[in-house]
1. So if I restrict to the alpha-carbon atoms in region 136-200, what is the Rg, and what is Dmax, the biggest pairwise distance, in Å?
2. If region 73-190 were replaced by its equivalent ellipsoid, with semi-axes equal to the square roots of 5 times the Cα gyration tensor eigenvalues, what would those be, largest first, whole Å?
3. In the chain, if the dipole is taken from +1 on Lys/Arg beta carbons and -1 on Asp/Glu beta carbons about the Cα centre, which of Ile70, Tyr295, Ala188 is farthest to the positive end?
4. Among Gly205, Gly214, Gly17, whose mean-square fluctuation peaks in a Gaussian network model of the chain (Cα, cutoff 10 Å)?
5. Can you order the peptides 140-147, 51-58 by their average number of other Cβ atoms within 10 Å per residue, highest first?
6. Helix 304-317 versus the longest principal axis of the chain: what angle, 0 to 90°, nearest 10, using Cα atoms?
7. If Rh is defined by the Kirkwood formula over all Cα pairs and Rg also comes from Cα, what ratio Rg/Rh do you get for region 235-324?
8. Hey, any idea what Rg/Rh is for region 1-108, computing Rh the Kirkwood way over Cα pairs?
Amino acid sequence: MGSKIQAGPMRVLVTGGSGMVGKSIEHVVLQEGGKLDGEEWIFLSSKDADLVDVGQTRAVFEKYRPTHVIHLAAKVGGIYLHMRQNLQFLRDNIRINDNVLQTAHEMGVTKVVSCLSSCIFPDKTTYPIDETMIHNGPPHDSNFGYSHAKRMIDVQNRAYFQQYGHCYTAVIPTNVVGPYDNFSIENAHVVSALISKTYKAKKEGTPMTVCGSGAARRQFTYSLDLGRLIVWALREYKEIEPIILSVGEEEEMSIKDAMDIIAEALDFKGIIHFDTTLSDGQIKKPASIAKLRRYLPDFSFTSAKEAIKKTCSWFEDNYDNARL
């Protein structure tokens with residue numbers, strides 16, 4: 001039995017709707033005309049339901065009766081928390097994902113788009129990475145619990161399609177920057193942590209210390225661009241196989257260059273010290289967007305420089321309400 005075809009407008013449930021990517025989708029839908037006539041979009045936060053609990057998951061699905069789901073919710077943390085609690089991240093995320101996908105199946109949801117992470121790719125691999133390489137070897141040891149739980153979404157999507165014909169698929173962003181992120185110095189993504197740390201150093205008149213040499217390079221994608229692409233995927237992307245949503249390899253930027261942009265945007269005039277006794281992590285992990293370009297050859301991404309500047313501006317304007 002295939003997924004039920006829904007006549008009439010979509011009712012879209014977005015899990016993890018209060019996070020950076022959820023807020024970006026909300027902006028695209030409500031502020032940029034992404035919502036079509038008659039559609040209903042519901043953005044859930046952890047206050048609405050604990051998705052680790054199957055009963056609460058079922059109750060929130062019964063309350064809103066979605067026809068489509070964008071699944072962003074996950075238990076996440078900084079690298080050191082992951083290293084200490086790999087089992088907890090594995091168990092909680094497997095429960096969340098299984099509860100959402102199985103409840104979607106039981107309630108006849110037409111389509112689910114889940115959000116994976118570039119950390120799911122093998123630690124030892126060839127570059128650039130692409131969508132065919134997810135299961136080619138173990139992920140990095142530091143967050144293997146979270147990575148394997150995320151990989152299982154891809155496995156489940158294939159199984160739901162094979163057994164029931166469901167259109168459950170997934171997108172894979174690279175490093176996302178933008179408003180509404182977690183800006184905790186200890187647990188945030190690299191750019192958001194550097195923004196928060198630089199702001200604090202400027203306020204206190206202290207030097208700025210960056211972990212590592214600054215040589216590591218990453219593809220930084222603006223969260224609003226990702227939001228636009230996820231809405232596109234929900235409407236237009238028909239494959240079960242996942243798709244990487246990211247700026248291209250040519251947009252790769254070093255952490256040092258990102259730090260220089262942050263310092264300029266926040267008008268930080270102090271000393272910047274790169275602590276080379278600390279690890280850089282993987283120096284490069286470029287991802288190919290050849291598949292995305294086949295679908296959307298003309299999609300225009302916000303440059304990494306502009307994305308970081310916009311995020312700095314948002315952080316300054318919203319510091320009192322930012323997640324720190």
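Nothing in this text is a laboratory measurement; each read-out follows from the coordinates by a stated rule. Computed from a predicted structure; not experimentally measured. As a convention, Cβ positions derive from the backbone with ideal geometry for all residues, glycine included, and neighbour counts pool all protein chains shown.
1. 16.6, 53
2. 25, 17, 14
3. Farthest towards the positive end: Ile70.
4. Of the options given, Gly205 has the highest mean-square fluctuation.
5. Numbers: 140-147: 20.4, 51-58: 16.6.
Top to bottom by mean Cβ count within 10 Å: 140-147, 51-58.
6. 90 degrees
7. Numbers: Rg = 17.1 Å, Rh = 16.2 Å.
Radius of gyration over Kirkwood radius for region 235-324 works out to 1.05.
8. On the way: Rg = 15.1 Å, Rh = 14.9 Å.
Rounded to two decimals, Rg over Rh is 1.01.
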